[in-house]
Every structure is written in structure tokens, then in C-alpha cells.
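What follows is a single structure, written as C-alpha cells, with notes after it.
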Amino acid sequence: MSSKKPFPLPLSSVIDKSSGTQSQGTKSFRVATPQTATQNAAHSLANTARQKTLPVQPRPVVLIPQELPEQGGSLVSAAVRKAMVARVASQGVKDQVVLAALDAIPRHLFVQPGLASQAYIDASLPIGHHQTISQPYIVARMIEVMRNNSRGGVLNQVLEIGTGCGYQAAVLSRVAKEVYSIERIKPLHELAKQNLRPLRIANIRLHYGDGMLGLEQVAPFDGIILAAAGMEVPQTLLAQLAIGGRLVAPVGDRRQMLHLIERVSQSEWVSSTLEECHFVPLRPGTI
Ligand code: SAH
């Protein structure tokens, strides 16, 4: 049972529940087994083998033509995106709202034109400035965990730290009323604006700044997702979570684990460790 702790508190003192099936009060939720990009790839290969006996499974890896038009409506990209969504589902993401959001966002519009043919492979890809667009599986997984709250998945305001090319913000716009996303690298902030403009998404607010400081003027948030890994979760962000809100973040250096921290009262946060992951580093300041 968790004990009450006054705020502020170091992350190390946040109650840490071990991996496995978690239970919080009367509610319990499933936590995926450790999974890395490599394991995901192995999983996809296993599915390929299984397809021989299960023809209903979609093909795990489908490339789209290089000459894909820069429009979201292409039949080809819609088909390969469906295959991507099916693959993410086969890796354990069950939330249909999240899977539908993944299906709705044309990921190929967020990658460099030369990489468009790889846009629907389950991998992170370079977006410049030593940063990456996150792997579709982990984007879906983090949003699924954030949505699994005590309010049946209702999310009014959510905050993303690390906009990058803007892909996850676009997916989030389908599951939350208002999405705020902060990026510390100016050219990437501009890139995200450019990528999102043609999609005309009305409920995303992009900010250029240090996401470790959060957005005090907008807080509290029902959900916070960090798309970059620090050695600990900034306390400022914990303080900007609404009661009942969930923060999902990779934590670590070379070996990273996905953490879920739920704010259960004014002065109490409950933390659990979910699965292995790989993110670019969370860095302070702006460039
Ligand atoms: N959300 C992106 C992933 C971007 S990669 C997607 O949809 O695929 C992570 C991003 O976090 C990088 O662009 C990096 O510059 C940014 N980042 C790292 N530390 C940050 C900080 N303190 N504040 C804001 N952004 C940060």
C-alpha cells in the first residue's frame, strides 16, 4: 500500500511497483512483457512464420513506392498503414481508440521524402539534428498506457515533451481534446509546424522551449508523455499532472525502461516500470 508523501519529493521516493500485473485500488491493468525494437523485429518475423498457418494475418513488412504522392489519401499508403496497425496490435496494443488513431495519421508525411518507403516499417527513423521519429509500436503503447486511466480514457489536456517531426502529437490529437507539445530544437519545432499544417489539426499547440519545465500556464495535464529519456522524470512535470493523471516516460541511459507515474492525490504519486525501450536523450535548455 502506498504511503502519503509530501511534495516536492525526489523521484526515487515515488512509490515504485515492480513489473508485472499492476493493481491500483480496485482497478488492475496489464503490463506488457519487456520489449525492445529488436524483440519487436523478432516478433514480426515470428508472425511471418505463423502466417503460413494463419492466412488472416496481414503481411508484417510492406514497403510503399518511392513515388508516393505527398497526400494522406493514397490508397497504397492507407493499405500499408493498415498493415502497420495490425502489426502493432499483434505486438500487444489492444486499445481500439489508439489503433484507430494510428490508422488515421499518414506517417509517411512526417518522414524525410527519401525515407517515405520505410514510413510504415515498425522502426524509428532519422529526422535530422540527431533525432528520430519514434517507432509506431512505442507511440501506440505509450498512448494506450496514458489512456488507461480511472476516467475511462477521457483526456482533456495532454502534454508531449519532444515534438520532433510532430507525428506523435498528430496521433495524440485523436485521443485528447487539447494537445500541447514542446520541442527544444528550433528547426525541428519548425519542421513539425510544416508537417502538421496540411493536416489542419485544430487541437494541437506547438511550443518551442525546454520541455523539462512543462507548461505551467496550461497545467494541470490529464496525461504527459516524454518522447526522450532522462535519468529521472523532472519533478516540475510531476507537479503539472492532474490528480488521476498519468505520465509515461522512458527513464535511463543506455538501458532504458518505460515508466508510468500516476498522480493519485495532491501529494502522492505511484510509479510502475513497464518495459524496455530506446529513446533519444532528454536534454535541458533550447537550441
Ligand atoms: N515525438 C516524436 C519523437 C521525437 S524524438 C515523434 O512523434 O516521433 C524526441 C525529441 O525530444 C527530439 O526532437 C528532441 O529534440 C526532443 N527533446 C529532448 N529533450 C527535450 C526537452 N528538454 N524539451 C523538449 N524537447 C526535447
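Just a few scattered comments:
- Shape category assigned to the stretch 164-277 from the gyration tensor of Cα positions, a/c cut at 1.5: prolate
- Phi-based couplings in Hz for the stretch 273-284 (Karplus 6.51, -1.76, 1.60; Gly and Pro marked x): 9, 9, 7, 6, 7, 9, 10, 6, x, 7, 10, x
- Shape category assigned to the stretch 172-234 from the gyration tensor of Cα positions, a/c cut at 1.5: oblate
- Between residue 205 and residue 232, the modelled labels are 2.9 nm apart [label points 7 Å from Cα along Cα→Cβ].
- Global geometry of the stretch 219-287, whether rounded, prolate or oblate, following the gyration tensor of its Cα atoms and the 1.5 cut on a/c: oblate
- The order of 258, 159, 282, 213, going from fewest to most other C-beta atoms within 10 Å of their C-beta, is 213, 282, 258, 159.
- By the count of other C-beta atoms within 10 Å, a proxy for reagent exposure, 189, 259 are ordered fewest to most as 189, 259.
- Backbone N atoms of the stretch 184-212 closer than 16 Å to the 7 Å Cα→Cβ label point of residue 177 belong to residues 202-205.
- Under-5 Å amide H pairs with residue 124, H placed in peptide plane, nonlocal only: 135
Every read-out reported here was derived from the displayed coordinates using simple, explicitly stated rules and does not represent laboratory data. Nothing here was measured: the structure is a model prediction, and the numbers come from that model. Because the Cβ atoms are built from the backbone with ideal geometry, glycine has one as well, and the counts that use them run over all protein chains shown.
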